[in-house]
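The values are calculated or read from the model by the stated rules, or taken from the named source; none is laboratory data. All figures in this text were calculated on a predicted structure; none of them were measured in a lab. Every residue, glycine among them, receives a Cβ derived from its backbone with ideal geometry; neighbour counts consider all protein chains shown. Note: areas computed on protein heavy atoms with side chains; ligands, DNA, RNA excluded. Shrake-Rupley method; radii C 1.70, N 1.55, O 1.52, S 1.80 Å.
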Amino acid sequence: MDWVLIALSVAGAVPPAQRALTAAGRGRLDINGLMVLAVLGALAIGEYTESATVVALFGVAQWMELRTVRRARMAIRSLLDVAPDVVRLDDNPDGPPVPVAEVSVGTCVRILPGERIPVDGILVRGDTDVNQAPITGESTPVDRHAGDDVFAGTINGHGAMVVRVTRPQAQTLLARMVHLIEDAQARRAPVQQFIDRFAQWYTPAIVAVAAGLALVPWIWPGIDRSASDTWLYRGLVTLVVGCPCALVIATPVSLMSALASAARHGVLIKGGAALERLAGVRVVAFDKTGTLTHGEVVVRSVVPMPGVSADEVLRLAAAVERYSDHPIARAVVAAARAQALAVPEAHGVRVAPGLGVSGAVDGQQVHCGSPRSVMQQGWMTPDAQVCVDGLVAAGTSPMIVVCDGRVRGAVAVADRARASAAVTVAALRQLGVHTTVMLTGDHAPAAEAIAREVGLDRVEASLLPADKVRYIEHLRQDGPVAMVGDGINDAPALAAADVGVVMGVMGSGAAVETADIALMTDDLPRLAATVRLGRATLTNIRGNVAIALGLKLAFVVAAALGVATLWMAMLADTGASVIVVAHALRLRGFQWPDSASRVSTQASMAA
């Protein structure tokens with residue numbers, strides 16, 4: 001049995017030994033060197049089981065790191081899968097689709113309703129609405145008319161359109177997002193594990209002390225050289241007790257315990273380095289749509305014109321909007337149902353993409369549309385414009401209701417903030433996060449309204465992905481930065497931040513893979529709990545290192561005084577490993593409060 005353990009130990013120690021030699025050539029003694037010394041020491045004293053265990057634990061840690069890197073690279077490649085690979089040419093719409101890579105700048109392509117847009121370009125013909133959430137994070141589709149820009153990866157709404165290509169496939173906004181992620185990951189310096197910092201002085205110090213003890217009779221005047229065997233024995237005891245086995249496992253066991261605890265509670269943390277960085281975060285940047293908000297618009301208010309009731313405005317709007325599947329239409333119909341309004345029948349309903357919905361209701365011609373469409377028809381009045389300006393300033397998107405050419409009122413819609421967002425921000429402040437910022441592609445009034453509601457310090461609106469990356473770099477002046485997002489548009493910022501945190505359920509697969517931490521249950525308050533876990537883990541690691549070094553220091557002194565024996569040294573080394581493991585396993589019992597108690601407790605703390 002011993003030869004099997006020896007063979008496993010030697011085979012497992014070969015790769016780290018090669019890396020240790022490479023590091024030694026650069027004048028460094030890293031954790032690979034520590035592991036190799038631990039295995040050699042264990043083999044030299046016949047502790048074959050211990051040597052095989054150290055190799056196995058080290059191999060698991062290396063495998064986890066390699067797997068994380070591979071998954072990150074796959075995530076980068078998956079970003080480009082959002083945009084179609086083929087496109088339909090406008091001058092040959094009935095012909096076979098053409099690969100996007102073969103389409104030159106200036107070519108006109110045709111995109112049907114509901115299709116993903118495969119190119120960056122300018123809309124030449126057609127009026128439609130486009131869901132730009134994959135790129136800008138906007139909560140509602142935006143109207144697009146001739147002359148407007150459209151981006152690869154976004155989703156066409158209800159109208160067919162012809163787009164003139166303005167960039168080749170390799171230079172689209174989506175492709176540049178991929179390059180941003182790669183650059184950010186390349187710039188990010190790897191954070192060495194805590195034990196690596198000890199490697200630069202611990203092992204050389206132990207070797208020096210052991211050699212010094214063995215050579216005492218030869219270098220210390222007055223010591224009888226006939227006692228050289230005694231001092232050599234003391235040096236061997238020092239080498240045995242100084243074996244870095246406990247130090248080698250001090251960090252990975254603590255990290256694995258913390259990661260297991262987090263995984264059981266719906267938080268995926270991609271490695272100990274991410275957890276260590278999160279513990280030191282002092283600035284948190286949030287995306288808006290789908291992160292601080294639910295990502296679905298609702299009716300926030302109904303503003304009638306003089307002489308008209310709010311119920312009448314909502315009733316007329318719901319009558320025509322229930323024939324549309326636009327997100328705003330669904331919100332209007334849902335609001336009418338919630339108020340149990342008697343919605344009349346509408347006849348001859350026409351849906352004009354980008355313009356609105358029209359139909360006959362109770363013998364009157366009703367139109368519901370954007371302020372722009374109402375202005376184009378010449379129906380906008382000064383009073384109605386004042387109403388629109390006020391609703392926009394309040395952070396909502398107004399839809400105007402017109403009856404027989406007269407504005408009857410406006411329905412204001414907006415995204416809803418998560419009930420847990422304010423609680424999370426307050427909890428982060430109590431943990432020492434001194435700056436909270438919103439980075440969003442949405443327009444400023446809507447962003448500022450949500451920021452006020454949840455208690456953020458700053459707002460940066462109308463940002464494209466590259467803008468978010470630049471702002472993350474700026475925020476680093478205030479301390480380590482965590483970015484919290486949910487979509488592909490957040491992926492570059494997630495990669496650029498010191499720690500990227502993604503909302504898992506609503507988040508895109510690419511964003512989940514790119515981020516360092518994923519809240520798989522979509523439970524935002526778990527962000528604060530994860531910060532606490534990171535700090536508890538660092539405290540645990542420092543405690544483990546203190547335990548291991550304290551025991552070893554005590555026995556080094558005992559060895560120098562001739563009190564410790566070889567079997568005592570082995571017992572101390574093994575005991576240190578057992579204590580370190582037991583201390584690390586305490587992290588598996590880290591307290592994750594349930595949703596109800598967490599929200600009520602933290603809300604009272606915030607108050």
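Among the residues of region 272-310, those that are assigned to a helix (DSSP H, G or I) and not small (G, A, S) comprise L275, E276, R277, L278, K288, T289, T291, L292. The sole residue among R300, R282 that is closer than 30 Å to L314 by Cβ, open to solvent by 40 Å² or more (accessible area, probe 1.4 Å) and either free of Cβ contacts under 8 Å to residues at least 40 places away in the same chain or not acidic (D, E) (or both) is R300. Is one or more of the residues making up region 352-361 closer than 30 Å to N156 by Cβ, part of a loop (DSSP other than H, G, I, E, B), among the small types (G, A, S) and open to solvent by less than 40 Å² (accessible area, probe 1.4 Å)? Checking region 352-361: at least one residue is closer than 30 Å to N156 by Cβ, part of a loop (DSSP other than H, G, I, E, B), among the small types (G, A, S) and open to solvent by less than 40 Å² (accessible area, probe 1.4 Å). A search for C-beta distances below 9 Å between a residue of region 331-356 that is among the acidic types (D, E) and any residue that is open to solvent by less than 40 Å² (accessible area, probe 1.4 Å), counting only pairs 6+ apart in sequence or on different chains, returns E345/A319; E345/V361.
Considering (1) at negative phi; (2) open to solvent by 40 Å² or more (accessible area, probe 1.4 Å), the lone condition that C368 does not fulfil carries the number (2). Would you pick out the residues in region 370-397 that are under 15 Å from V413 (Cβ atoms) and outside any helix (DSSP H, G or I)? Passing the criteria: S370, A394, G395, T396, S397. The residue that is most open to solvent (accessible area, probe 1.4 Å), counting only those in region 415-472 that are within 20 Å of the chain's Cα centre (by Cα) and of a type in the set (D, E), is E460. Applying the condition of being within 30 Å of D467 (Cβ to Cβ) and out of contact with any Leu (no Cβ under 7 Å at 6 or more places or on another chain) to region 237-274 and asking which residue is modelled with the highest pLDDT yields A274.
Kindly evaluate M375 against the criterion of being open to solvent by less than 60 Å² (accessible area, probe 1.4 Å) and either of a type outside the set (K, R) or within 42 Å of the chain's Cα centre (by Cα) (or both). When the stated conditions are applied, M375 does not pass them. Against the definition (at positive phi, out of contact with any Cys (no Cβ under 9 Å at 6 or more places or on another chain) and at pLDDT below 95), how does D442 come out, yes or no? No.
Okay, residues lined up against (1) modelled with pLDDT of 80 or more; (2) out of contact with any Asp or Glu (no Cβ under 8 Å at 6 or more places or on another chain); (3) acidic (D, E):
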| position | (1), (2), (3) |
| --- | --- |
| D486 | no, no, yes |
| A497 | yes, yes, no |
| V501 | yes, no, no |
| G509 | no, yes, no |
| T514 | no, yes, no |
| L524 | yes, yes, no |
| A528 | yes, yes, no |
| G550 | yes, yes, no |
| V556 | no, yes, no |
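Within region 252-270, the set of residues being open to solvent by 20 Å² or more (accessible area, probe 1.4 Å) and under 18 Å from the mean Cα position of the chain (by Cα) comprises L259, A263, H265, L268, K270.
The condition of being β-branched (V, I, T), within 23 Å of the chain's Cα centre (by Cα) and modelled with pLDDT of 90 or more does not hold for V401.
Answer yes or no as to whether R470 is in a helix (DSSP H, G or I) and either out of contact with any helix residue (DSSP H, G or I) (no Cβ under 7 Å at 6 or more places or on another chain) or not hydrophobic (A, V, I, L, M, F, W, C) (or both). It is true that R470 is in a helix (DSSP H, G or I) and either out of contact with any helix residue (DSSP H, G or I) (no Cβ under 7 Å at 6 or more places or on another chain) or not hydrophobic (A, V, I, L, M, F, W, C) (or both). When restricted to residues that are surrounded by fewer than 18 Cβ atoms within 10 Å (Cβ to Cβ), in contact with a strand residue (DSSP E or B) (Cβ under 9 Å, 6 or more places away or on another chain) and small (G, A, S), region 378-392 contains 1.
Every listed requirement among (1) over 42 Å from the mean Cα position of the chain (by Cα); (2) open to solvent by less than 20 Å² (accessible area, probe 1.4 Å); (3) hydrophobic (A, V, I, L, M, F, W, C) is met by V343 save one, (2). Filtered by the rule that a residue be over 17 Å from T291 (Cβ atoms) and buried (at least 22 other Cβ atoms within 10 Å of the Cβ), region 473-500 gives a lone residue, D498.
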